[in-house]
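> The following block contains the structure, expressed as structure tokens.
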Amino acid sequence: MEAAYTTLQDAAGLAQLSQSVEDVFSSGNLPKAAETLATMRHCLSAVGEVAEFANVRKQLEVLEERLDEMVQPRLVDALSNRKVDAVQDLRGILIRINRFKSLEVQYTKIHVKPLKKLWDDFELKQRSSKVDMEKLSGESISGLSFSSWLPNFYDETLLYLEQEWKWCLTAFPDEYKSLVPKVLTETMSELNSSFVSRINIATGDVIPETRSIAKGILDVLSGDLPKSTKLQNKHLQALIELHNMTGTFARNIQYLFSESDLAVVLNTLKAIYSPYETFKARYGQMERAILSAEMTSIDIRGAVPRGVGAQGIELSETVRRMEESIPEMIVLLEAAVERCISLTGGSEADELVLALDDVMLQYISNLQETLKSLRIICGLDSDALKKDAGLEKKEVQRLVDVSEEEEWSIVQATADENADLSFAGRAALDIAAIRLSDLPDKSKKFLTVLEQSKDPRFHALPLTSQRVAAFSDTVNELVYDVLISKVRQRLSEVARLPIWSSVEEQGGLPLPSFSAYPQAYVTSVGEYLLTLPQQLEPLAEGISGNEAGNDEAQFFATEWIFKVAEGATALFMEQLRGIHYITDRGSQQLAADIEYLNNVLSALSMPIPPFLSTFHACVSTPRDQVRDLIKSDGASQLDLPTTHLVCKIRRITLD
């Protein structure tokens, strides 16, 4: 009953207010008008959707709009002239009729204007500066640069906002935390297009070619300029410098608005960085263009095409260039990571990885082509195979150095990417967080990369990782072929030496019997193998540097010595299998040759293959004692197929 009675009272009051509200408006008493409208809205909510009050509801909406319009001129005057009491009264009126939004709009509109004027002053100052400088020099000059003017714009904007923050603290104690940030957000929204244009032109100012036509990064990327106009690192560095200026301003704003809600601060910072979004969205394209151009400028093939016959010079020069390209490439990779962090806070890590993968594939492809040229220079892939005997030992050392160092350096560079992709440093991550808050897909990719980078098995550059392994194999193959080439040459005709089929000359007088000495071909090979440790010593010294490094260097040198010694042994055994017939005298000579090589292998701590030890035993044994050797207790130490081979070439029949 009581509720029904109250509703009847509200209905009666609503009817009365509807009739008298015009008189209140006519009086010009805005607070009373606001109170009347608020009471009418309360009564309407009490009576609900009653048909006979439908017109009153429409009347109320019209009256609220009317009162809002009556307040606006007074609000503009109060805000413009800093009348705190008047502003607060008008604020109260608008809140009573649920029209505070109009105060926010008006406040923002009034205070955006001075900031836009600051922005527009750049063109005025630029023209003035240009005229003054041309008068002095008599030449056409671009005038004030945007990069030198921007810090001043930020400083004046910050000072203006600080003053507004203090004033609003008194005038709008409940709303200042959102009102002042709204001014900056709206300002950046209105300036965005112009801001992007000025940034673009400013990036072009650093290169005469783009400055002369007032074009920048976006114009180069669009492909509208001549193909000869390339994106350069200086363009991107200019963009990063501007971004750093903006970053300083953003940190100051973040401090000024620290009392505001996190969402308000985040939206404000997004607005500050928004002009750069156009550029960040094309970061991958920019990075590819710059890295590709810089990688191409690394000349690792310049020496190869020069003159035939200057083998030593060409090889030395080419190896030197390959060697020097390693640290240069690492510097390029590290610079790319720094650019990604500086401009995007790492939020474009996925695009960075793709760009790095692409350019590393190009680089390794260039190295592969150079290796092919080196093989020709070294006589490994042509009829000039015999000419490689003159290959200097120091060139072999440097080829080994380049191969192993190349593999390590590229892998190390990849590891650096993995480490840097963790983006240590809170400041960088803040930039990424601001940007990624509106890019859920990219945020997911970014977080995935960060998580994967913690796994030691993770390869930031998967395609490059595979290609590096293949390149390492190619380098090792080249180094091995160079090191074994002298051995291959010395042993190439061993199976066809005439000494094997020679017989003792028969004379009238008996001659004393002399022991056979190893022939030149095998002593040459043995001496070469024994000098390998000395050849590899300079390289080992380059690898070592501490106790762990000494162990690594020793292992490295030993590994290559073993590889070459095993290869030499295999080549020698292959030649022995090619001998068709051998006399007793030839057997004595071959026994001396094999014994010499076995001694060399033992000196290098290499095991003697069963084939070689059996061959030596069978050729060093007199012809008439070979059958007994095979049947003796020691025969278990012999390799049976090898004994049959020796018997065949010595023309010994086994019953």
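> Within the group 602, 587, which residue is small (Gly, Ala, Ser) and free of Cβ contacts under 8 Å to residues at least 24 places away in the same chain? Spell out how you get there, then give the answer.
On the way: 587 fails: free of Cβ contacts under 8 Å to residues at least 24 places away in the same chain.
Every option except 602 fails the conditions.
> Can you find a residue in segment 124-132 that is over 29 Å from residue 165 (Cα atoms), at pLDDT below 90, surrounded by fewer than 14 Cβ atoms within 10 Å (Cβ to Cβ) and among the basic types (Lys, Arg)?
Yes: segment 124-132 contains one or more residues that are over 29 Å from residue 165 (Cα atoms), at pLDDT below 90, surrounded by fewer than 14 Cβ atoms within 10 Å (Cβ to Cβ) and among the basic types (Lys, Arg).
> Would you mind telling me which numbered condition in (1) modelled with pLDDT under 75; (2) in a helix (DSSP H, G or I) residue 435 fails?
(1)
> Another question, then. Within segment 153-162, does at least one residue satisfy the condition of being in contact with a helix residue (DSSP H, G or I) (Cβ under 7 Å, 6 or more places away or on another chain), within 30 Å of residue 109 (Cβ to Cβ), modelled with pLDDT of 95 or more and of a type in the set (Asp, Glu)?
At the first step, the residues of segment 153-162 found to be in contact with a helix residue (DSSP H, G or I) (Cβ under 7 Å, 6 or more places away or on another chain) are 153-154, 156-158, 160-162.
Add one more test, that the residue is within 30 Å of residue 109 (Cβ to Cβ), and what stays is 153-154, 156-158, 160-162.
Still in the list and also modelled with pLDDT of 95 or more: 153-154, 156-158, 160-162.
From what is left, the residues that are of a type in the set (Asp, Glu) are 156, 162.
Yes, because at least one residue in segment 153-162 is in contact with a helix residue (DSSP H, G or I) (Cβ under 7 Å, 6 or more places away or on another chain), within 30 Å of residue 109 (Cβ to Cβ), modelled with pLDDT of 95 or more and of a type in the set (Asp, Glu).
> Please work out if residue 420 is at pLDDT below 75 and touching a helix residue (DSSP H, G or I) at 6+ places or on another chain (Cβ under 8 Å).
Numbers: at pLDDT below 75: yes; touching a helix residue (DSSP H, G or I) at 6+ places or on another chain (Cβ under 8 Å): yes.
Considered against the rule, which asks whether it is at pLDDT below 75 and touching a helix residue (DSSP H, G or I) at 6+ places or on another chain (Cβ under 8 Å), residue 420 comes out as yes.
> Separate question: Under the condition of being in contact with an Asp or Glu (Cβ under 9 Å, 6 or more places away or on another chain) and closer than 23 Å to residue 438 by Cα, which residue from segment 253-269 is surrounded by the most Cβ atoms within 10 Å (Cβ to Cβ)?
269
To keep it simple, each residue is scored yes or no on (1) assigned to a helix (DSSP H, G or I); (2) at pLDDT below 85; (3) surrounded by 15 or more Cβ atoms within 10 Å (Cβ to Cβ).
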residue	(1), (2), (3)
618	yes, no, yes
625	yes, no, no
635	yes, yes, no
642	yes, no, yes
645	yes, no, yes
654	no, yes, no
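> What number goes with the only condition from (1) at pLDDT 80 or above; (2) under 15 Å from residue 560 (Cβ atoms) that residue 543 does not pass?
The number of the failed condition is (1).
> To continue, here is another question. Out of the residues in segment 76-118 meeting the condition of being touching a Ser or Thr at 6+ places or on another chain (Cβ under 8 Å) and surrounded by 20 or more Cβ atoms within 10 Å (Cβ to Cβ), tell me which one is farthest from residue 173 (Cα to Cα).
Among those residues, the one meeting the criterion is 115.
> Continuing with this model, one more query. Would you mind stating whether residue 173 is at pLDDT 80 or above and either part of a helix (DSSP H, G or I) or among the acidic types (Asp, Glu) (or both)? Walk me through how you get there before you give the answer.
On the way: at pLDDT 80 or above: yes; either part of a helix (DSSP H, G or I) or among the acidic types (Asp, Glu) (or both): no.
Considered against the rule, which asks whether it is at pLDDT 80 or above and either part of a helix (DSSP H, G or I) or among the acidic types (Asp, Glu) (or both), residue 173 comes out as no.
The values are calculated or read from the model by the stated rules, or taken from the named source; none is laboratory data. Because the structure is a prediction, the values reported are computed rather than measured. So basically every Cβ, Gly included, is an ideal-geometry build from the backbone, and we count neighbours across all protein chains shown.
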